[in-house]
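Step one of this worksheet: look at the structure below.
The values are calculated or read from the model by the stated rules, or taken from the named source; none is laboratory data. Everything quoted here is computed from the prediction, not taken from an experiment. Cβ placement follows ideal geometry from the backbone for every residue including glycine, while neighbour counts extend to all protein chains displayed.
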Amino acid sequence: MEEYFKDIIAINGVQGVILLDAAGKVVFESVAALRTGIKQRYTNWKKLLDTVGNIREADFVFDNGRVYLRKTENGYLLVSMQSFASIAMVKLNCDILLPQLKSDKNKGLKALFRR
């Protein structure tokens, strides 16, 4: 599944990608996200998803970076990045990625993990 997110992770300043299901459970976490410890810094994903409601996308900017949140068909995609990362490139790559996730989801979850 890491292959799906390689273009997003390759963007200068991106620290990692986390894919959540609708219940806030981590479905996928990139190796880059594991290295930077994103999951250890925040673990109550369900509360975050309840807070954002049914929005399509959000961009959270902090002193030391930013998080881009994008709704998928079955949950949310989070991209953690440094403040200088190109948000336009991240959004473009998410636009390209989401239809791929949707088409492979229709083949079943096993299709996502076979790659």
**Asked** Is it fair to say Phe113 is at pLDDT 90 or above and loosely packed, with under 15 Cβ neighbours inside 10 Å?
**Response** no
**Request:** Could you tell me whether any residue of segment 53-61 is more than 13 Å from the chain's Cα centre (by Cα) and modelled with pLDDT under 90?
**Result:** yes
**Message:** Six or more apart or on different chains, Cβ atoms under 7 Å: show the pairs whose first residue is in segment 8-32 and of a type in the set (Ser, Thr, Tyr) and whose second is outside any helix (DSSP H, G or I).
**Reply:** Ser30/Gly16; Ser30/Val17
**Request:** Just need a number here: residues in segment 73-88 that are buried (at least 17 other Cβ atoms within 10 Å of the Cβ) and either within 12 Å of Leu49 (Cα to Cα) or over 14 Å from the mean Cα position of the chain (by Cα) (or both).
**Result:** 5
**Request:** Only residues that are β-branched (Val, Ile, Thr) and within 18 Å of Phe28 (Cα to Cα): list them for segment 78-95, please.
**Result:** Val79, Val90
